[in-house]
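Right, one structure below, let's go through it.
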Amino acid sequence: MGSMSSAPWEVALGYSYHLAAALAVRDALGICDPLGIQAVIAPPSLAIDLTAHGSKEVDAEWRQWWDRALAASEQDESAVPLSPGGLLGRVVEGNRDVVRLWSAERKREVANVSRPGRGAPRMRDAVREYERTTGTRLGGFRLKVTALPVTGTLFLPISRYRILVSTELLRHREEYVRRVITHVASEGI
């Protein structure tokens with residue numbers, strides 16, 4: 001995707017099975033993540049060993065798993081093992097099929113809401129309009145946006161070029177596009 005009025009740019013919107021799975025397991029175990037990401041949509045019913053609830057070991061395993069999944073979501077997710085190992089790994093393995101089905105449904109939701117409908121604002125038009133109204137040309141940029149099946153309107157830049165958004169925010173396309181343009185402009189990218 002590019003704009004005729006400025007340098008080449010791209011906003012790649014995707015979905016991460018591993019991030020979604022990690023968030024679903026986080027919610028089932030009541031783990032607080034460091035980013036404070038909201039609860040997942042329609043959480044799956046997971047079979048959880050009671051010894052996993054409130055375990056500091058499980059919390060630490062989850063944070064390591066989340067960090068690996070976040071790093072892998074930037075590249076190729078096939079490099080991330082589904083199971084994080086340890087006690088948390090047993091929870092994940094025991095619920096593998098339930099999480100896969102739940103995540104597949106959430107991925108379809110992301111695909112459905114990310115298709116711009118007739119009359120919906122398009123990123124290229126928003127870039128052009130921003131440049132026209134401000135007189136400022138946006139530089140070439142490549143953003144990777146990962147949609148997460150969480151409640152609320154999450155827009156969480158995790159680096160200059162990486163943003164986590166909620167499915168709910170994608171439903172409000174105008175707001176999503178506005179936030180992306182604001183991020184690009186404020187970061188000077």
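The values are calculated or read from the model by the stated rules, or taken from the named source; none is laboratory data. Nothing here was measured: the structure is a model prediction, and the numbers come from that model. We place every Cβ from the backbone using ideal geometry, glycine too, and count neighbours over all the protein chains shown. Remember, those area values only see protein heavy atoms, side chains included, never the ligands or the DNA or RNA. Shrake-Rupley method; radii C 1.70, N 1.55, O 1.52, S 1.80 Å.
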- Item | Unmet criterion (only one of (1) touching an Asp or Glu at 6+ places or on another chain (Cβ under 9 Å); (2) outside any helix (DSSP H, G or I); (3) open to solvent by 30 Å² or more (accessible area, probe 1.4 Å)) for Leu138 | (3)
- Item | Pairs, first without any contact (Cβ under 8 Å) to a residue 12 or more places away in the chain and at positive phi in the stretch 119-145, second among the basic types (Lys, Arg) and open to solvent by less than 70 Å² (accessible area, probe 1.4 Å), C-beta under 6 Å, six or more apart | none
- Run Leu154 past the list (1) farther than 25 Å from Gln75 by Cβ; (2) open to solvent by 10 Å² or more (accessible area, probe 1.4 Å) and report the number of the one that doesn't hold. (1)
- Scope the stretch 167-184; condition under 13 Å from Glu129 (Cα atoms) and of a type in the set (A, V, I, L, M); matching residues: Val177, Ile181
- Task: Can you run down the residue pairs with Cβ atoms below 6 Å, 6 or more apart or on separate chains, where the first is in the stretch 171-186 and assigned to a helix (DSSP H, G or I) and the partner is of a type in the set (Ser, Thr, Tyr) and buried (at least 18 other Cβ atoms within 10 Å of the Cβ)?
- Result: Ile181/Tyr130
- Quick one: Asn95 ticks every box in (1) open to solvent by less than 30 Å² (accessible area, probe 1.4 Å); (2) closer than 17 Å to Ser16 by Cβ except a single one, so which number is it? (2)
